[in-house]
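Trainee: Below is one structure. I have some questions about it.
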Amino acid sequence: MSPSRIVFAVSVGFGFAFLILPLAIVLPLAFNDSTFLNYPMSGVSLRWFDVVLNQPPWLFAMANSFKVAVGAMALSVVTGGLAAMGVMASGRVAALVLSALFVSPLVVPSVVLGVAMFFIFARFGLSGGHLSLILAHSVLGAPLVFLSAMTSLKGLNPELDRAGASMGASRLFRFRTIILPLTAPGFLIGAMFAFITSFDEVVVALFLSSPQSLTLPIALFSGLRDQLEPTLVVVALMLSMISALFLLVVARLQKATEQKA
């Protein structure tokens, strides 16, 4: 085996171990029969899954996270998709400036966004509700939709849109029958990233959530601070499975995009 292949194998193995080993060590504790997070496990049990799926605090937080994530995803798709369409129709300099402005929430620290949104929403009496979380998370999710939609739109042959325009089709009709069907995988990928970002976001939610709008990451954070039970690992396992499922769907959509291109 050549030295380059050895270096590659060692690098990949180290990265894989660095990312996977912590999960492999912690996640089995979700099946621990004991009330403590310790090894060796006293037994194997599913009772902590029953606690998470049937007790009100966790179910309430899951329902809130799902509502907020769906709302933020819908708003992010509309905002990010329209922004991508507008940037594609702009000049080169304007497109660069608008793209930088629209992607800026991704580089601003979450703590800064959380403080700013707390003061803004409190001023208008919106802090502490589902609406404030949806609006805040859409600010984080819209740039992801924007980048994904821009990638799909750049790969679209502009002659197709011009052909529809030459036949008298309106802009809305061309978008609905030509552009959207060909770029749908890009929009769907952005929508899924917006959903998982909202569902998993904790920093901004710490500033905006209330007992009535408690989300799953906030409940998980509170549990880490108050009591270390296997229920925390169960929730972490469920979130990991959801993320893995989303990654599989994204991979399939990326293949579909490449085939259409």
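The values are calculated or read from the model by the stated rules, or taken from the named source; none is laboratory data. Since we're looking at a predicted model, the values are computed, not measured. Please note: Cβ atoms are built from the backbone with ideal geometry, for glycine as well, and neighbour counts cover all protein chains shown.
Trainee: For segment 71-97, which residues satisfy the criterion of being over 16 Å from R171 (Cα atoms) and buried (at least 16 other Cβ atoms within 10 Å of the Cβ)?
Mentor: G71, A72, M73, A74, L75, S76, V77, T79, G80
Trainee: Quickly run through segment 71-94 and pick out the residues that are closer than 22 Å to T197 by Cα and either in contact with a helix residue (DSSP H, G or I) (Cβ under 7 Å, 6 or more places away or on another chain) or small (G, A, S) (or both).
Mentor: Scanning segment 71-94 gives G71, A72, M73, A74, L75, S76, V77, T79, G80, G81, A83, A84.
Trainee: Considering only residues that are in contact with a Gly (Cβ under 9 Å, 6 or more places away or on another chain) and either buried (at least 18 other Cβ atoms within 10 Å of the Cβ) or charged (D, E, K, R) (or both), which ones fall in segment 106-129?
Mentor: Within segment 106-129, F121 is the sole residue that qualifies.
Trainee: Kindly establish whether V108 is touching a Phe, Trp or Tyr at 6+ places or on another chain (Cβ under 9 Å) and β-branched (V, I, T).
Mentor: So V108 fails the test.
Trainee: Just to be sure before I move on: is S65 exposed (fewer than 13 other Cβ atoms within 10 Å of the Cβ) and small (G, A, S) in the structure I sent?
Mentor: No: the conditions fail for S65.
Trainee: Of the residues L160, L135, L140, L153, only one is in contact (Cβ under 8 Å) with a residue 24 or more places away in the chain, in a helix (DSSP H, G or I) and farther than 30 Å from L208 by Cβ; which?
Mentor: Checking each option against the conditions leaves just L153.
Each row is one residue, and each column tells you yes or no for (1) part of a helix (DSSP H, G or I); (2) within 24 Å of the chain's Cα centre (by Cα); (3) without any contact (Cβ under 8 Å) to a residue 40 or more places away in the chain.
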site: L23; (1), (2), (3): yes, yes, no
site: V26; (1), (2), (3): yes, yes, no
site: S42; (1), (2), (3): no, no, yes
site: D50; (1), (2), (3): yes, no, yes
site: F60; (1), (2), (3): yes, yes, no
site: S65; (1), (2), (3): yes, yes, no
site: T79; (1), (2), (3): yes, yes, no
site: M85; (1), (2), (3): yes, yes, no
site: V93; (1), (2), (3): yes, no, yes
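Trainee: Give the residues of segment 25-57 that are exposed (fewer than 10 other Cβ atoms within 10 Å of the Cβ) and aliphatic (A, V, I, L, M), sorted by residue number.
Mentor: Result: V44, single match.
Trainee: Check off (1) modelled with pLDDT of 85 or more; (2) not in a helix (DSSP H, G or I) for A72 and give me the number that stays unchecked.
Mentor: (2)
Trainee: Could you grab me the full set of residues in segment 121-132 that are part of a helix (DSSP H, G or I) and within 17 Å of V70 (Cα to Cα)?
Mentor: H130, L131, S132
Trainee: Give me a count of the residues in segment 185-211 that are surrounded by fewer than 17 Cβ atoms within 10 Å (Cβ to Cβ) and over 23 Å from M238 (Cβ atoms).
Mentor: 1
Trainee: Right, A9: of a type outside the set (D, E, K, R), out of contact with any helix residue (DSSP H, G or I) (no Cβ under 9 Å at 6 or more places or on another chain), more than 27 Å from T183 (Cβ to Cβ) and in a helix (DSSP H, G or I) or not?
Mentor: Criteria met by A9.
Trainee: Within segment 200-249, take every residue that is free of Cβ contacts under 8 Å to residues at least 24 places away in the same chain and assigned to a loop (DSSP other than H, G, I, E, B) and give me the one that is nearest to V68 (Cα to Cα).
Mentor: V202
Trainee: Let me ask something additional. Suppose we keep only residues that are exposed (fewer than 10 other Cβ atoms within 10 Å of the Cβ) and farther than 30 Å from G223 by Cα within segment 1-24. Which one would you say is modelled with the highest pLDDT?
Mentor: R5
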